[in-house]
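J.: Below is one structure. I have some questions about it.
No lab work stands behind these numbers, since they all come straight from the coordinates. Please read these numbers as outputs of a predicted model, since none were measured by experiment. When we count neighbours, we look across all protein chains shown, and the Cβ atoms used for this are built from the backbone with ideal geometry, even at glycine.
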Amino acid sequence: MTAVALAFDLGGTDLRAAIVSRAGEVRQSLTVPTRARDGVDAVLDQMASLAEKLTAQADDEIAGVGLGAPGPLDPVAGIMIAPPTLAGWHDIPVVERLSARLGLPVFLDNDANVAALGEWHYGAGRGFETVLFVTVSTGIGGGVVSHGRIFHGSRGLAVEIGHMTLSGSGPTCLCGNVGCFEALASGTALGHRGAEAALRPGGEKIAAAQSDIGRPGARAVVEAARVGDPVALALIAQEAEWLGIGLTNLLHIFSPDIVVIGGGLSNAFDLLIGGIRSVVATRAMSAYRDVVIVRAELGTNAGLVGAAGLVLPAQGVVTRGGDQT
Ligand SMILES: [Zn+2]
């Protein structure tokens, strides 16, 4: 019998649970719509019910529970502070409460950190010493794993990269500031620029893609760019430039061996990477320019296998460009 982890990926839309092996293999998984508006007990009931179903089928010993959840949260104290997508979750000691329900040790971290750990442990960052994971989707988040450890900073709040300021002006961010990385370079920002372009002369291909998909958004811009539309390609080039500027700042701060890009917009990684590399080659100081930049490998499983990584730390991993951990 080998130890496995029970992993949860708690999102505002879906709650996913899985049994994950030490090798990062998702053995069994279940997904239910999160009862996000019904308060803490309703969601804890859902988690307990999923745990019961999954552990009834599992032959292996459950070493513990890994939980990836939306921030802000305190991974050390095990407290979810105020996730905007879950009603009623204010200063909830979720580690203590879930552990009492399940009778197992529980390890908590925020979803971007968990995905970073997953990519370092089992995905595109495997074998690298320091991994910077950047997720570009509705917003922008990130995580840094170095020598197998998530970089947490004070109260676990580090690497909130979506809210670093890239410009003294520009669109207003959800955080209330202007010129945040997220406000300029998220999939949402690209979708807004696409929707504006669709209304102008030359924006017909983007407008057609929006109507095929049923709504405006980054995907419409990407689809129009894939058929060679020059207006969409110009928006992609602008997007790549903002991403490149943001990444260049992060290279100077964290000096990662590899940058792993995930999230919905990583579906357009092939269209964006040339522009991103060109910005890094121009703006980064020369010592930082040879960083590897790749697309994430774990896709929607990153949260689950990363949460398992909180429970089952990598053992004896030989890192590329570094020491043995
Ligand atoms: Zn912001």
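J.: What is the order of I273, I140, I213, fewest Cβ neighbours within 10 Å to most? All intermediate terms of the calculation are to be shown ahead of the outcome.
T.: Details: I273 17, I140 29, I213 12.
The most exposed by this proxy come first: I213, I273, I140.
J.: Using the 2.2 N^0.38 Å rule of thumb for compact globular proteins, work out how the stretch 124-297 stacks up: its C-alpha Rg over that value, please. Please list the in-between numbers first.
T.: Working: Rg = 16.2 Å, N = 174, 2.2 N^0.38 = 15.6 Å.
With N residues counted in the stretch 124-297, Rg over 2.2 N^0.38 Å equals 1.04.
J.: Can you list the residues, at least 5 places off or on another chain, whose amide H is less than 5 Å from the amide H of G125, using H built in the peptide plane?
T.: Those qualifying (amide H under 5 Å, at least 5 residues apart or on another chain) are W120.
J.: Now a separate question. Rg to Rh ratio, the stretch 182-256, alpha-carbon atoms and Kirkwood radius? Don't jump to the answer; show the numbers that get you there.
T.: Numbers: Rg = 13.5 Å, Rh = 12.6 Å.
Reported Rg/Rh (Cα atoms, Kirkwood Rh): 1.07.
J.: Given H placed 1.01 Å from N in the peptide plane, which residues other than close sequence neighbours of G64 have an amide H under 5 Å from its amide H?
T.: L6
J.: Whole-Hz ³J(HN,Hα) for each residue in the stretch 124-130, computed from phi via Karplus 6.51 cos²θ - 1.76 cosθ + 1.60 with θ = phi - 60°, x for glycine and proline: what do you get?
T.: 5, x, 4, x, 8, 6, 10
J.: Classify the stretch 113-204 from the C-alpha gyration tensor, please: rounded if a/c falls under 1.5, else prolate or oblate depending on whether a/b exceeds b/c. Let's see the in-between values first.
T.: Details: a/c = 3.73, a/b = 1.85, b/c = 2.02.
In terms of gyration-tensor shape, oblate.
J.: If you rank H90, H163 by fewest surrounding Cβ atoms within 10 Å, what's the result? Don't skip to the answer; put the middle values down first.
T.: On the way: H90 12, H163 17.
Placing the least packed residue first, the sequence is H90, H163.
J.: What residues have an amide H closer than 5 Å to that of G217, excluding those fewer than 5 places away on the same chain, when H is modeled at 1.01 Å from N in the peptide plane?
T.: The answer is A195.
J.: Rounded to the nearest 20 Debye, what is the dipole magnitude of the chain about its Cα centre when Lys and Arg each give +1 and Asp and Glu each give -1 at the C-beta? List each step's numbers first, then the result.
T.: Numbers: 22 positive and 31 negative charges, 93 e Å.
Rounded to the nearest 20 debye, it is 440 debye.
J.: Report the Cα-based extents of the stretch 1-139 along its three principal axes, largest first, to the nearest Å.
T.: 40, 37, 26
J.: Select from G66, G88, G176 the residue whose mean-square fluctuation is largest in a Gaussian network model of the chain (Cα-Cα springs shorter than 10 Å).
T.: Comparing G66, G88, G176 in the GNM, the peak value goes to G176.
J.: Oh, and also: Among V136, V227, I150, flag the residue with its Cα farthest along the positive direction of the charge dipole of the chain, charges on Cβ as +1 for Lys/Arg and -1 for Asp/Glu.
T.: V227
J.: For the chain, what is the percent of antiparallel DSSP beta bridges, rounded to the nearest 5? Display every interim value, and only then the final one.
T.: Working: 28 of 50 bridges.
Close to 55 percent.
J.: G228: net charge of surrounding residues, Cβ under 15 Å, Lys/Arg +1, Asp/Glu -1, itself excluded?
T.: Details: positive: K205, R226; negative: E204, E223, D229, D270.
So the environment of G228 carries a net charge of -2.
J.: Oh, and also: With a ≥ b ≥ c the root eigenvalues of the C-alpha gyration tensor of the stretch 255-295, is it rounded (a/c under 1.5), prolate (a/b larger than b/c) or oblate?
T.: Working: a/c = 3.11, a/b = 1.60, b/c = 1.95.
Taking the square roots of the gyration eigenvalues as a ≥ b ≥ c, the stretch 255-295 is oblate.
J.: When the helices in the chain are scored as -39500 (n - 2.57) per DSSP H run of 4 or longer and the sum is shared across all residues, what 222 nm value do you end up with, to the nearest 500 deg cm²/dmol? Provide the component values of the computation, followed by the final result.
T.: Numbers: 10 runs with 125 residues, N = 325.
One gets -12000 deg cm²/dmol as the mean residue ellipticity at 222 nm.
J.: Please sort by residue number the GluC sites (Glu not before Pro) in the stretch 13-90 whose DSSP state is loop and whose Cβ has at most 14 other Cβ atoms within 10 Å. Before the final figure, lay out the partial values.
T.: Working: sites: E25, E52, E61; in loops: E25.
Taking the stretch 13-90 and a limit of 14 other Cβ atoms within 10 Å, the loop GluC sites (Glu not before Pro) found are E25.
J.: Out of V32, V145, V279, any idea which swings most in a Gaussian network model of the chain, alpha carbons joined below 10 Å?
T.: In the Gaussian network model the winner is V32.
J.: Here's another thing I want to ask about it. Over the chain, what number does the Rg to Rh ratio reach, with both radii from the alpha-carbon atoms and Rh per Kirkwood?
T.: On the way: Rg = 20.1 Å, Rh = 20.4 Å.
With Rh from the inverse mean 1/r over Cα pairs, Rg/Rh is 0.99.
J.: Right, here's the next one. All other residues with a Cβ under 15 Å from the Cβ of V32 taken together, and with Lys, Arg as +1 and Asp, Glu as -1, what is their net charge? Kindly include the intermediate steps, with their values, before the conclusion.
T.: Details: positive: R16, R35, R37, K53; negative: D9, D14, D38, D45, E52.
Residues near V32 contribute -1 overall.
J.: In a Gaussian network model over the chain where Cα atoms closer than 10 Å are linked, find which of G39, G244, G125 has the largest mean-square fluctuation.
T.: G39
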